[in-house]
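Inspection log for the structure reproduced underneath, given as structure tokens.
The values are calculated or read from the model by the stated rules, or taken from the named source; none is laboratory data. Here the structure is a predicted model, which is why all the values come from computation and not from measurement. For neighbour counting, all protein chains shown are included, and Cβ atoms are generated from backbone atoms with ideal geometry for every residue, glycine included.
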Amino acid sequence: MNPFLESGQTEGPKPELPLRVFAHLDQSERLEGDEETYRLYFDCVDARWITNESQTSDSSFAENVPIFILQVEFQADDTNHPFHDLLPFIRFHRRNAPWLSLAISKGATDESPRLYWNLFSEVSESVHVVREEDVAGDSLLRLRHYSLAGDRAATDDELVDTLIWVREINMAAVYDVGQGSCGALLDRKGSVLTYLDFGGGVQGHARTFPGSLSQFCFYNNPPIILSHWDWDHWSSALRDKRALSATWIVPRQRIGLVHWTFVQSLKAAGGNILIWPSQLSAIETSEFEIRKCTGKGTNHSGLAVVVNDCESGEQILFPGDARYSAIPGVLGSVFSAIVVPHHGGWMSSKRVPSCSGSPGNRLVYSFGPGNTYNHALPATEANHRSAGWAPALERRTSGLRPNLGHVGLPLSGVPPIHSLPCRAGAGACDLQIVQF
Ligand SMILES: [Zn+2]
Ligand SMILES: [Zn+2]
């Protein structure tokens, strides 16, 4: 396992700072407030190492490659900022942001950009960054190898053979994983039939992951449907490593080296990766649907899940981090329950789907207590309330801290489950539903 992805090694000695990194914009988060301010996250690799590397296989490369995440705060009107030219990629999710070459040295103040060397550690170094000429030539070719481009798409049969076991759904669930996302569809005994993301708090938000959650439910060998390639949506697979050997249904998106290294960990552990075929707009069973999102940028171009409550005809929406307008058929539809996109973060549009008006209506926010984005944002809560989702319908995964706050969304016509999801004993999991 690459040390960057080891969830147990957060206290070890700091590695040396790389002198130069190749960096690729992986995520940006618009912060609350009147100023247009973003926190940018760059996926980084030690430039000297990758230029000289002579690993014989992808797997040994993935074990050893020195990867980092660089966090930078950036105000859109700061025209002198070294990353100002990235603004269209941030604002409009334009594709093909350049690979940057950055010279790194120890930073002076706490205001500086910060470099992280473990996905699960808040420990980071304040760094000074000088931007050099963008990466080109052989180095660029080399970096482009570390993507999903060489992996074939899944066949329809492979997807159907996996999803056919996700049936007789009794309840949907949204688990308390801190600042991140992990949901599931459960069977009549309360065991997981499929996960909808498998994330949790990372880096500066690692402390928001609850200490009392260590065992997820693998009684039914559930697959994992990944909404999109963000660290906080798959990171818990490195906390409960049984997830590494599961079947993963994933969107084909541009990924950085941290994601790519994680993909190699899945492959090494026997995980089966089913990449969503580019022509496929949706897969539907009688009980739920996976829809391909049609927006731009990682958050808005992945997979969303709609659960059909066969008895009542109502629907539950798991949008991942996608805005409602990026999920076909969602605006203009009525839902009995929604997991609010993007942890209750910034919404570029105020439009929200309607609430069905039945007693089971719920609006679930999945975010970590004390997160530095201030999720759930009051403006996002207000948008939902004015669309008819009253405060009494809201549930927060972190609302019962210091206790776990897993939320259950029962389908109609079946009594909700109050017992432990897995059989008691050694295999018992920590996914007991405690809020409805
Ligand atoms: Zn995201
Ligand atoms: Zn997210």
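Data overview
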quantity: Candidates 226, 213, filtered to the one that is in contact with an Asp or Glu (Cβ under 8 Å, 6 or more places away or on another chain) and surrounded by 23 or more Cβ atoms within 10 Å (Cβ to Cβ); calculated: 226
quantity: Only one of 402, 328, 359, 319 that is in the same structural domain as residue 251 (by TED's automatic domain parsing), within 28 Å of residue 218 (Cβ to Cβ) and surrounded by fewer than 19 Cβ atoms within 10 Å (Cβ to Cβ); calculated: 402
quantity: Segment 171-225: number of residues that are among the basic types (Lys, Arg) and under 18 Å from the mean Cα position of the chain (by Cα); calculated: 1
quantity: Selection count where residues are part of a loop (DSSP other than H, G, I, E, B), closer than 15 Å to residue 194 by Cβ and within 15 Å of ligand 2 (Cβ to nearest atom), scope segment 287-337; calculated: 1
quantity: Candidates 281, 265, 191 - the one that is of a type in the set (Gly, Ala, Ser), closer than 24 Å to residue 42 by Cα and away from ligand 1 (no atom under 16 Å from the Cβ); calculated: 265
quantity: Some residue of segment 209-222 being among the hydrophobic types (A, V, I, L, M, F, W, C), away from ligand 2 (no atom under 16 Å from the Cβ), farther than 18 Å from residue 397 by Cβ and at pLDDT 95 or above; calculated: no
quantity: Residue in segment 184-197 that is crowded, with 24+ Cβ neighbours inside 10 Å, within 26 Å of residue 123 (Cβ to Cβ) and not aromatic (Phe, Trp, Tyr) present; calculated: yes
quantity: Given (1) over 26 Å from residue 160 (Cβ atoms); (2) basic (Lys, Arg); (3) touching a residue at least 40 places away in the same chain (Cβ under 8 Å), number of the condition residue 292 does not satisfy; calculated: (1)
quantity: Complete set of residues in segment 331-342 that are closer than 21 Å to residue 251 by Cβ and surrounded by 24 or more Cβ atoms within 10 Å (Cβ to Cβ); calculated: 338, 339, 340, 341, 342
quantity: Within segment 156-199, tally of residues that are aliphatic (A, V, I, L, M) and assigned to a loop (DSSP other than H, G, I, E, B); calculated: 4
quantity: Qualifying position, being part of a helix (DSSP H, G or I), among the aromatic types (Phe, Trp, Tyr), more than 16 Å from ligand 1 (Cβ to nearest atom) and under 30 Å from residue 50 (Cα atoms), among 248, 260, 234; calculated: 260
quantity: Unique residue being under 19 Å from residue 172 (Cβ atoms), hydroxyl-bearing (Ser, Thr, Tyr), away from ligand 1 (no atom under 16 Å from the Cβ) and touching a Ser or Thr at 6+ places or on another chain (Cβ under 9 Å) when the list is 219, 324; calculated: 219
quantity: Some residue of segment 348-355 being assigned to a strand (DSSP E or B) and either in the same structural domain as residue 34 (by TED's automatic domain parsing) or surrounded by 23 or more Cβ atoms within 10 Å (Cβ to Cβ) (or both); calculated: no
